[in-house]
Amino acid sequence: MNFIQSRLNMVKSCYATNLIKKGEVIYEQSILCFFLAIFLCISSSTTYAAQNQIKIDGVAIATDAKPEMKNKRTMVPLRVISESLGASVVWSDSGVILAKSDMKVKLAINRSIAEKNGKKILLDVKPYVKNNRIYVPLRFIAEAFGCKVNYSNLIVTITTEPLFINGVQVKSLQQEYRMTLGGVVQQIHGNAYNKTIYNMFAKNKGEKVEAPENYSWSLTLDTPGSYYKNAQYDFLDPKGKSLARYDVYSLIRTYPSELLKEYPETLVHDVSNNEWYLFSDTASQSIYKIINNATNNGFLTVISNTVV
């Protein structure tokens, strides 16, 4: 409102000055000021919509398609909201289904009826397509997945369900990986991303196995059956203490395939319990994809980067 009021005051000043003039000049200047007032009010409304910021778990989401206001409702790009809330997306001819745990939300473009676990819900604003992006109502989606939504000072704050390990809340997930020279330490702060990655480890641990004879950050090339650490993942409490840690290893393939048949391709080391399990490369790649999404949406912070 301060923005609008200042522009109106400017218009009033313009109008008062023009009253000094006579005849057609006064009439023309009055018309110009009238249209200026309309333009400024419209641009102020657009600015108000553009200024709306969305924070999920305290992180301002980053997206190439910005949220916007429609009929006094905040509309957000489907991809950003689904990834940031930890919901999967399934497309069908009749619409799109967002799923997380035991909740399924079904939406259709330009339809005001949505479904939440089979129950029909009337939406204030229909999902729509703009600039090749599907926009959906933020509050409806967030609350459907059990998130708390608060509006204050042009900021929409969403709090998702946190991850707990042994009764202690996880504050962030720290990933570390190394290159030939140097390495990177980075943290993810979104609850949904951290919970999804934690569940990836829990659900994709295979058969329990013995620890390999050789495993490290280094590429050991002279011993068959050696493993290279791809990355380590620490789930940290609010004080930065590790609650659980998983290290992912890949078999070093410097020997003929026939000499490596007995060695699994990928292993995961549950460091907290000092246990080794078979792990799949598919699960490992899925974790990388989740981290990439977190990076693109603004949920990842680089703590250190010493890569040369």
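Taking the stretch 240-259 as the range and being aliphatic (A, V, I, L, M) and closer than 16 Å to residue 210 by Cα as the test, the residues that pass are 248, 251. Looking at the stretch 213-235, can you tell me whether even one residue there is within 20 Å of residue 58 (Cα to Cα) and at pLDDT 95 or above? There is at least one residue in the stretch 213-235 that is within 20 Å of residue 58 (Cα to Cα) and at pLDDT 95 or above. The residue of the stretch 202-257 that is nearest to residue 182 (Cα to Cα), among those that are small (Gly, Ala, Ser), buried (at least 16 other Cβ atoms within 10 Å of the Cβ) and touching a Pro at 6+ places or on another chain (Cβ under 9 Å), is 226.
Pairing residues of the stretch 242-259 that are assigned by TED's automatic domain parsing to the domain that holds residue 216 and within 11 Å of residue 229 (Cα to Cα) with residues that are assigned to a strand (DSSP E or B) and β-branched (Val, Ile, Thr), at Cβ distances under 6 Å and at least 6 apart in sequence or on separate chains, gives 246/268; 248/268; 250/266. Residues of the stretch 158-188 that are touching a Lys or Arg at 6+ places or on another chain (Cβ under 6 Å) and surrounded by fewer than 18 Cβ atoms within 10 Å (Cβ to Cβ): 159 alone.
Of the residues making up the stretch 261-303, those that are of a type in the set (S, T, N, Q), touching an Asp or Glu at 6+ places or on another chain (Cβ under 9 Å) and either loosely packed, with under 15 Cβ neighbours inside 10 Å or in a helix (DSSP H, G or I) (or both) are 293, 296. Scanning the stretch 138-172 for residues that are more than 15 Å from residue 190 (Cβ to Cβ) and among the aromatic types (Phe, Trp, Tyr) gives 140, 151, 164.
Taking only pairs six or more apart or across chains, which ones have beta-carbon atoms under 8 Å, a first residue in the stretch 273-297 that is more than 30 Å from residue 59 (Cβ to Cβ), and a second residue that is part of a loop (DSSP other than H, G, I, E, B) and of a type in the set (A, V, I, L, M)? Every condition considered, the pairs that remain are 276/211. A single member of 98, 85 is in contact with a strand residue (DSSP E or B) (Cβ under 6 Å, 6 or more places away or on another chain), within 17 Å of residue 135 (Cβ to Cβ) and in the same structural domain as residue 154 (by TED's automatic domain parsing), and it is 98. Do we have any residue at all in the stretch 121-144 that's buried (at least 19 other Cβ atoms within 10 Å of the Cβ), of a type in the set (Ser, Thr, Tyr) and assigned to a strand (DSSP E or B)? Checking the stretch 121-144: at least one residue is buried (at least 19 other Cβ atoms within 10 Å of the Cβ), of a type in the set (Ser, Thr, Tyr) and assigned to a strand (DSSP E or B).
Among the residues making up the stretch 201-227, those that are among the hydroxyl-bearing types (Ser, Thr, Tyr) and either closer than 22 Å to residue 273 by Cβ or more than 33 Å from the chain's Cα centre (by Cα) (or both) are 215, 216, 220, 223, 226, 227. Here the stretch 151-164 is the region considered, the condition is being part of a strand (DSSP E or B) and modelled with pLDDT under 90, and the residue that is farthest from the chain's Cα centre (by Cα) is 152.
Name the residues in the stretch 90-120 that are in a strand (DSSP E or B) and loosely packed, with under 14 Cβ neighbours inside 10 Å, would you? Correct list: 90, 91, 92, 103, 113, 119, 120.
The values are calculated or read from the model by the stated rules, or taken from the named source; none is laboratory data. All values derive from a computational prediction rather than experimental measurement. Heads up, the Cβs are rebuilt from the backbone with ideal geometry, glycines too, and the neighbour counts pull from every protein chain shown.
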